[in-house]
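Chemist: Just passing along the structure, written as structure tokens.
The values are calculated or read from the model by the stated rules, or taken from the named source; none is laboratory data. From a predicted model like this one, the values you see are computed outputs, not experimental measurements. Counting neighbours? That spans all protein chains shown, and the Cβs are built from the backbone with ideal geometry, glycine included.
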Amino acid sequence: MISPRTRGRMVLRLRAAGIRDERVLDVMNQVPRHHFVAQALAGRAYELVSLPIGYGQTISQPWTVARMMEAILENNPIPRRILEIGTGSAYQTALLAELGAEVFTVERIGPLHHHADKVLSRLGYSQVHLLHGDGSGGWPEQGPYDAIVITAAVPCALAPLYRQLRAGGRLVMPVEDRGKQHLQVSHWDGHEALISHLGDCFFVPLLAGTVSLASGEC
Ligand code: SAH
């Protein structure tokens, strides 16, 4: 259930579901998703579903993760610096690092941030920088970025984040509008954003502030 062959079958399902970028399929074939969920759920890690990771949060659905990465990469070389808002399980963080990017990732829930740090070090992802904090304002000190990925639903485009993007950079995020969510990619030319929609999705909401529970679930 957690073998490379099972992972290969997940990649075949992603291909059948319309994911085309070989760079994305390749990293989805490399990164062991079962290391990013609790042991009790490891047997389901290669299904195309989101799974609970504690604290009311989820590891994103593999198809959605793949689609977000395709949107960043479309007609583009691998971005050198990527900001991820919402580390969560760190699965997407690892995929972005596996692509070859330097990844900056922010998580508001302390225990998820610490767990992510441990898993990424154990798996040898050294080009990842983690921050425990509220990522709604991005991580300006480390910008500008070639791409920004928000992995929690936002009510509208977070305008200040464009200022942390290089001209030519992209911002991918789930946007919530009247109770429905869609994935959106914004191409930032330095002055204006050209926005396209990538289809429906379902994410937990982006929340303000931080949580620093020492242990246990909430
Ligand atoms: N890509 C991650 C998605 C995790 S769910 C994965 O596949 O595991 C979204 C994450 O965003 C949650 O861990 C949640 O705590 C975090 N989050 C929500 N609002 C945030 C904020 N303002 N700043 C940083 N992280 C936030």
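Chemist: Of everything in the stretch 68-99 that's near the ligand (Cβ under 10 Å from one of its atoms) and part of a helix (DSSP H, G or I), which residue is surrounded by the most Cβ atoms within 10 Å (Cβ to Cβ)?
Modeler: Leu96
Chemist: Here is a follow-up. Out of Val11, Val65, Val24, report the one residue that is in contact with a helix residue (DSSP H, G or I) (Cβ under 7 Å, 6 or more places away or on another chain) and near the ligand (Cβ under 9 Å from one of its atoms).
Modeler: Val65
Chemist: Please name all residue pairs, on different chains or six or more residues apart, with Cβ atoms under 6 Å, provided the first residue is in the stretch 153-170 and is farther than 8 Å from Gly190 by Cα and the second residue is of a type in the set (Gly, Ala, Ser) and not in a strand (DSSP E or B).
Modeler: Short answer, once both residue conditions are applied: Leu161/Gly138; Gln164/Gly138; Gln164/Gly143.
Chemist: Quick check: anything in the stretch 16-34 in contact (Cβ under 8 Å) with a residue 12 or more places away in the chain and touching a Cys at 6+ places or on another chain (Cβ under 6 Å)?
Modeler: no
Chemist: Tell me which residues, restricted to the stretch 23-46, are part of a helix (DSSP H, G or I) and either small (Gly, Ala, Ser) or more than 18 Å from the chain's Cα centre (by Cα) (or both).
Modeler: Answer for the stretch 23-46, where residues must be part of a helix (DSSP H, G or I) and either small (Gly, Ala, Ser) or more than 18 Å from the chain's Cα centre (by Cα) (or both): Gln39, Ala40, Leu41, Ala42, Gly43, Arg44.
Chemist: From the list Val37, Val106, exactly one residue is touching a residue at least 12 places away in the same chain (Cβ under 8 Å), within 7 Å of the ligand (Cβ to nearest atom) and either closer than 21 Å to Val119 by Cα or in contact with a Phe, Trp or Tyr (Cβ under 8 Å, 6 or more places away or on another chain) (or both). Which is it?
Modeler: That would be Val106, the only listed residue that is touching a residue at least 12 places away in the same chain (Cβ under 8 Å), within 7 Å of the ligand (Cβ to nearest atom) and either closer than 21 Å to Val119 by Cα or in contact with a Phe, Trp or Tyr (Cβ under 8 Å, 6 or more places away or on another chain) (or both).
Chemist: Could I ask something else about it? Only one of Tyr46, Tyr55 is at negative phi and not charged (D, E, K, R). Can you tell me which?
Modeler: Selected residue: Tyr46, the only one of Tyr46, Tyr55 that is at negative phi and not charged (D, E, K, R).
Yes or no, residue by residue, for (1) closer than 25 Å to Gly18 by Cα; (2) modelled with pLDDT of 95 or more; (3) among the polar types (S, T, N, Q); (4) more than 16 Å from the ligand (Cβ to nearest atom):
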| residue | (1), (2), (3), (4) |
| --- | --- |
| Ile150 | yes, yes, no, no |
| Ala153 | yes, no, no, no |
| Ala167 | no, yes, no, yes |
| Ile195 | yes, no, no, yes |
| Thr210 | no, no, yes, no |
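Chemist: Within the stretch 171-196, how many residues are in contact with a Phe, Trp or Tyr (Cβ under 7 Å, 6 or more places away or on another chain) and of a type outside the set (A, V, I, L, M, F, W, C)?
Modeler: 2
Chemist: May I pose another question? Are there any pairs with C-beta distances below 7 angstrom linking a residue in the stretch 57-86 that is more than 24 Å from Gly133 (Cα to Cα) to a residue that is outside any strand (DSSP E or B) and among the acidic types (Asp, Glu), with the two at least 6 apart or on different chains, and if so which?
Modeler: Hits for this filter: Glu70/Asp21; Leu73/Asp21.
Chemist: Can you name every residue in the stretch 129-147 that is surrounded by fewer than 23 Cβ atoms within 10 Å (Cβ to Cβ) and either within 9 Å of the ligand (Cβ to nearest atom) or closer than 11 Å to Thr87 by Cα (or both)?
Modeler: His129, Leu130, Leu131, His132, Gly133, Asp134, Ser136, Gly137
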